[in-house]
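Take a look at the structure set out below.
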Amino acid sequence: MSGVTLKRLNKTFGELPAVDGVSIDIREGELIALLGPSGCGKTTTLRMVAGFVEPSSGSVHFGERDVTRVPVHHRNVGMVFQGYALFPHLSVAKNIEFGLKVRRWDRTRVQKRVDEMLEWVQLGRFSERRPRDLSGGQQQRVAVARAMAIHPDVLLLDEPFSALDAKLRLQMRSEIRELQREAGITSVFVTHDQEEAMAIADRIGVMNHGKLEQLGSAQDLYLRPASRFVAGFIGKCNVLEGRIAGTRQFETKSGQQLQYSNEHAAGSGALCFRPEHGELVRAARADANNISVTLKAVTYLGADTEYELVADNGERLLVMAASSSVAGAAFKAGERLVLSWRSQDSFVVD
Amino acid sequence: MSGEKARRLKGGALVIPALLLVILFLLAPIALIFRFSLDIYDPGKLMLGVFSPDNYVKAFSDPFYRGVLLDTARIAAVSTAVCLVLGYPVAYFISRTRSERLRGTLIVFTVLPLLMGNAVRSAAWMVVMGSKGLINAFLLVTGLAAEPVKILYTPTAVVVGLVSVLLPFAIITLQSVMDSIPQSLEEAGRSLGYSPLRTLFAVVVPLSAPGIIAAAAICFCLAMNAYATPVLIGGPSVHMMGPLVYQQIAKVTNWPFGSTLACVMMLVTLVLTIVSTTYLHRRYF
Amino acid sequence: MSAARTIYLLLVVAILAFLVAPLVVIVWASFFSDKILSFPPGGYTLDWYARAWQQPDFVAGFLMSIKIALCAMAGSLLLGVPASLAIERFRFPGRESVRQLLLAPMYVPAIVAGAAVYLYYIQFEISTEVQLAATFPGLLLAHTLVALPWTMRLICASLATTTGIAEEAAQSLGANALQTFFYVTLPIIRPGLIAAALFSFIASFSELEESLFLVGPGKTTLPIAIVNYLEWNLDSTIAAVATVQILIIGTALLVSDRYVNLGKAF
């Protein structure tokens with residue numbers, strides 16, 4: 001077992017770069033999510049790690065081993081496919097032992113390992129069943145057992161939960177996470193569901209148009225997004241266009257002067273802050289950013305209440321507050337209010 | 001009768017003309033030759049009007065006719081085997097081709113020779129395999145042979161000719177079954193350590209077994225029922241059932257015996273067709 | 001590209017070439033100028049085509065084949081289109097059995113069908129004094145049967161792509177059965193119809209074994225004329241005739257390729 005390193009991976013199909021200069025250093029035992037909209041290159045990247053796609057340039061390393069030119073069947077990867085790809089003509093046990101037969105293990109060793117795997121995913125009773133007789137969750141566990149049986153160097157999962165219904169998805173999500181932690185195996189999984197990524201990954205790589213926009217923990221991505229895309233893709237975000245007007249000073253298009261907290265080069269950009277960091281007040285607060293807004297709509301969502309606002313220059317903004325804390329406020333649509341938030345909670349992106 | 005049911009029956013009536021044609025001019029004739037096969041030939045009256053299994057006995061016990069049956073079966077079996085071996089890689093290639101255009105072109109390419117008809121195709125093979133044909137010309141020019149090799153009018157030539165008829169059927173049958181095998185299964189095999197060739201044998205072949213059986217059944221039937229190829233390419237020394245049926249019915253006018261042979265061919269075809277259709281429906285996907 | 005993959009590609013190309021090669025060779029041979037067909041050719045000429053046209057057997061065979069193929073095409077459509085409609089749009093009892101029955105001609109070996117129909121015609125003549133063997137109508141009936149399954153498969157496949165909901169909509173708007181057919185169903189099956197027409201033509205034009213029993217003096221088809229000639233002669237004349245058949249069928253196929261995705265028709 002070892003970590004996985006991707007060095008400046010590129011893949012071009014015809015004219016279009018599907019993967020553009022992706023570099024990631026995955027630590028041993030870490031679970032990384034590749035997250036992004038369809039077509040962003042995450043699946044192509046995964047398939048390059050697996051060996052199904054040869055990179056146009058760049059390299060893939062499993063620990064010290066450069067596996068870039070190594071064909072799939074020599075790479076020792078464990079892959080869980082979207083749709084599981086279980087062999088329908090083989091029983092569960094035979095599916096799991098499939099990878100072991102080609103490694104020429106003797107009969108006893110194979111049997112022992114298969115039993116181990118069945119035990120691990122708790123499908124001992126189903127060893128002789130065919131895949132079509134199993135539920136979606138059970139099939140997925142077989143797929144994981146089959147991939148792990150061969151002692152792979154890395155575990156790869158391609159949208160593993162997309163075929164499951166919502167409830168099962170949550171259940172399998174934590175189960176797979178548990179299994180992965182127990183085995184301590186370096187893993188990469190691909191998803192377009194940001195909630196899923198944030199729930200189980202150690203770190204998340206957000207991709208867009210082939211490029212890796214940002215790699216970091218869920219918190220990093222949420223509180224300190226590196227780009228407008230990441231800010232908008234992970235959770236909701238308020239965006240004010242404008243330009244840098246000095247150290248940590250930002251001037252909006254309508255001339256308002258605001259403060260922000262991250263490092264950013266001079267030029268134009270957007271100042272962002274999360275809806276739950278904004279507060280609606282009747283008078284501007286000292287030591288905070290303030291802008292005048294008109295309240296458009298109030299939506300009670302149970303635990304939270306959402307306020308839709310419009311700034312003077314027409315920009316649409318959102319404030320999310322815990323319902324219990326705004327119980328007495330009684331703001332009405334059409335009111336002119338002040339939206340206030342701390343500079344620590346604002347960041348500027350391109 | 002409800003309006004819906006009446007409508008369905010009235011619409012169903014549209015089938016009648018076609019059905020009538022098939023019943024009157026295909027099924028009835030087949031029933032007729034079945035009847036004739038049980039009759040006995042008489043040079044004077046043509047048929048005696050009795051019911052007797054003699055013809056069937058003769059077909060299987062008379063050394064000459066049994067020989068013809070066995071030769072037919074042997075040639076058909078060899079042709080089928082060759083077709084499966086040659087057809088499988090082509091079918092796999094077509095099935096896994098990603099470009100729709102290339103796929104379509106390959107399929108047209110595969111089917112085009114088929115539709116030319118047996119007469120033209122046999123003529124073409126005669127030009128290629130004859131003593132002054134293309135192959136011999138090549139052998140003589142390159143010095144690989146001192147004099148023309150006898151290729152035409154041998155059982156081998158018949159197999160070659162038959163394979164060129166059967167191969168498209170094998171390819172299309174196999175390809176359509178392979179289409180239903182998801183490529184992710186092959187990728188799974190490769191990720192588990194199987195080289196591409198091993199994956200083919202460990203994953204694709206078992207899952208395409210219904211297609212292999214169906215292709216084999218189709219090829220065997222077509223080979224067994226062939227006429228133009230054995231006659232033109234096999235010549236007088238190769239005896240197969242198709243030409244024999246024609247000879248018995250049109251030349252010798254031994255209708256009962258000709259009918260018997262035809263019925264045997266019909267029966268084998270029927271059984272193999274049922275086998276192949278059943279297997280095609282028992283797929284995994 | 002690895003060595004293994006190159007070998008694989010070469011193998012596939014070689015096998016496909018094997019399928020097409022004989023046809024290419026015979027077309028090529030139709031232009032050889034030598035009296036006796038041999039390789040390599042001494043020169044090239046178009047004379048054989050003219051010679052072929054002067055042979056009454058070939059001309060008669062050609063004309064007969066065209067006539068029969070066109071009539072069989074018409075017959076197969078006239079019978080097959082209503083039948084397909086019935087099977088795909090009306091759920092009458094015994095529907096699937098009827099479908100299999102109408103596809104049956106495809107499964108009966110041509111030699112067997114030819115022999116059976118011939119003997120049947122003779123019995124028919126004995127009973128009714130109407131001769132069918134060695135006549136145009138007799139031959140036509142058999143060819144229509146050969147073409148019918150093609151129409152059935154193609155039109156049924158075409159109809160199966162829609163659920164009949166367009167026809168229901170037309171009827172709810174007041175169209176009667178005939179109007180529904182012409183204004184709604186026909187446009188839907190138009191590509192299938194053209195393909196069915198062309199494939200019926202091809203099936204009939206290239207038919208050999210069944211026709212063997214059913215032709216007579218002065219009434220022979222082109223494939224049979226070719227086989228008869230080949231039994232005692234192999235020269236560029238026959239190569240020219242064969243090329244003509246290839247051309248006709250090839251054209252029909254390429255035209256139908258524009259209307260129906262041939263990849264899906266099989």
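Structural remarks
- Average Cα contact separation per residue, chain C, under 8 Å, 6 or more apart, as relative contact order %: 31 percent
- Here chain C is scanned for trypsin sites (Lys or Arg not before Pro) in DSSP loops (not H, G, I, E, B) that have at most 14 other Cβ atoms within 10 Å, and the longest stretch holding none of them is C:92-266.
- Highest-fluctuation residue, A:145, A:330, A:283 considered, GNM on chain A with Cα pairs under 10 Å: A:330
- Cα centroid separation, the range A:70-115 to the range C:55-69 (Å): 64 Å
- Under a Gaussian network description of chain A, with springs only between Cα atoms under 10 Å, the residue in A:134, A:86, A:240 that fluctuates furthest is A:134.
- Estimated from the Cβ-Cβ distance and a Förster radius of 51 angstrom, the FRET efficiency linking residue A:129 and residue B:85 is about 0.90.
- The range B:1-62, dipole about Cα centre (Lys/Arg Cβ +1, Asp/Glu Cβ -1), debye to the nearest 20: 560 debye
- One Cα centroid belongs to the range B:91-105, the other to the range C:85-114; the line between them spans 31 Å.
- Sparse-neighbourhood loop sites, chymotrypsin sites (Phe, Trp or Tyr not before Pro) in the range C:192-247 - DSSP loop, at most 12 other Cβ within 10 angstrom: C:232
- Neighbour-count order for C:13, C:117, fewest beta carbons within 10 angstrom listed first: C:13, C:117
- Simple spin-label estimate for residue C:34 and residue B:183 gives 4.8 nm between the two label positions (7 Å along the Cα-to-Cβ direction from each Cα).
- Contact order, relative form, for the range A:4-223: 32 percent (alpha carbon pairs under 8 Å, 6 or more residues apart, mean separation divided by residue count).
- Order by protection proxy (mean Cβ within 10 Å, highest first), peptides A:99-110, B:119-130: B:119-130, A:99-110
- Label-to-label distance, residue B:70 versus residue B:139, with points set 7 angstrom from Cα along the beta-carbon direction: 2.8 nm.
- Rounded Å value of the spacing that divides the Cα centres of the range A:298-350 and the range C:180-236: 78 Å
- Cleavage-rule hits (trypsin sites (Lys or Arg not before Pro)) in the range A:248-309: DSSP loop, at most 13 neighbouring Cβ within 10 angstrom: A:282, A:285
- Projected label points at residue A:263 and residue A:56, each 7 Å from Cα along the beta carbon direction, are separated by 3.1 nanometres.
- Beta bridges per DSSP, both residues in the protein assembly as shown: antiparallel share near 80 percent.
- Counted over chain A, the DSSP beta bridges are approximately 75% antiparallel.
- Total charge dipole magnitude, the range A:48-120, about the Cα centre, Cβ charges on Lys, Arg, Asp, Glu only, Debye to nearest 20: 300 debye
- Residue mean of other protein chain beta carbons inside 10 Å, C:78-87: 5
- Taking every DSSP helix (H) stretch of at least 4 residues in the protein assembly as shown, weighting each as -39,500 (n - 2.57) and dividing the sum by the residue count yields a mean residue ellipticity at 222 nm of -17000 deg cm²/dmol.
- Between A:85, A:68, B:44, the Cα set farthest toward the positive side of the dipole of the protein assembly as shown (charges on each charged residue's Cβ, about the Cα centre) is that of B:44.
- Net charge dipole size for the range B:111-239 [Lys, Arg +1 and Asp, Glu -1 on Cβ; Debye, nearest 20]: 260 debye
- Positive-end extreme of charge dipole, chain C - chosen from C:124, C:197, C:111 (charges on Cβ): C:197
- Peptide-level mean, for C:242-250, of C-beta atoms on other protein chains within 10 Å: 4
- Between residue A:74 and residue A:308, full extension at 0.36 nm per residue minus the direct alpha carbon distance yields a gain of 78.7 nm.
- Among B:27, B:134, B:65 the positive-end extreme of the charge dipole of chain B (Cβ point charges): B:27
- When chain C is treated as a GNM with alpha-carbon contacts under 10 Å, the residue of C:23, C:148, C:193 showing the greatest mean-square fluctuation is C:23.
- Peptide B:4-14 - average C-beta neighbours from other chains (10 Å radius): 5
- Distances between placed amide hydrogens fall under 5 Å for residue A:207 paired with A:35, A:36, A:213, all partners being 5 or more residues away or on another chain.
Any read-out appearing in this document is the output of simple, stated calculations on the displayed coordinates, not a laboratory observation. The shown structure was predicted, so the numbers you read here are calculated from the model rather than taken from an experiment. Cβ sites come from the backbone with ideal geometry, for glycine too, and all protein chains shown count toward neighbours.
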